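See below for the structure under consideration.
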Amino acid sequence: MLRYKSDVNTSRIPVILLTAKTSLESKIEGVDSGADLYFEKPIDLTYLKLSIQNIFKNQQQLREHYAKNYYADSSELSSNEQDSKFLKQLIAFIEANMDQPKMDVNLIAEELLMSRSKLYTKVKNLTGKSVVEFVLNCRLRKAAKLIIEENITMREVMMRIGIESQAYFTNSFKKSIW
């Protein structure tokens with residue numbers, strides 16, 4: 001199971017163990033191997049269903065918190081170490097290349113050694129946004145921070161976040177805060 005949880009393509013999928021093993025050692029082994037939930041047989045189906053719903057509800061709440069809070073740490077979006085590592089790599093690359101208006105999905109996928117479709121799926125599942133939306137969101141978060149913390153012109157803010165069009169910047173920024 002550790003291999004499954006350490007794979008960037010599958011790490012976000014919750015793992016639930018339903019077993020007849022009831023010893024403490026078995027429970028520890030199951031959770032230590034990466035299981036998100038450990039249930040002993042027999043199990044109440046209502047309890048199982050509610051537990052699974054809570055996992056997905058918590059993931060959704062993380063996405064919503066991140067979308068609303070401009071100062072939230074993006075790595076908070078992940079529920080496991082592998083996803084957190086992936087998000088940190090993605091964000092580090094975006095931040096390092098933020099001033100480049102031509103940063104696109106192909107460049108990001110190449111940097112992260114993923115196909116475009118795998119990158120899109122991973123980002124969409126973790127953030128609820130497409131790669132393009134996520135990059136724009138990172139740019140606008142940085143713009144908000146620059147506007148608040150530094151005494152620079154809007155043109156300088158736009159240059160530092162890689163947006164060339166004043167109209168696009170203004171419209172995107174307005175949409176993001178409302």
Please calculate the 1.4 Å probe accessible area of MET159, with all protein chains present, and give it to the nearest 10 Å².
120
Under a point spin-label approximation (7 Å from Cα along Cα-to-Cβ), what is the ALA167-LYS129 distance to one decimal in nm?
2.3
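Rank these residues by their accessible area, most exposed first, probe 1.4 Å: LEU17, LEU146. Mind showing how you got there, number by number?
Details: LEU17 45, LEU146 5 Å².
Descending order: LEU17, LEU146.
The values are calculated or read from the model by the stated rules, or taken from the named source; none is laboratory data. The shown structure was predicted, so the numbers you read here are calculated from the model rather than taken from an experiment. Ideal geometry is used to build each Cβ from the backbone, glycine not excepted, and the neighbour counts take in all protein chains shown. Remember, those area values only see protein heavy atoms, side chains included, never the ligands or the DNA or RNA. Shrake-Rupley method; radii C 1.70, N 1.55, O 1.52, S 1.80 Å.
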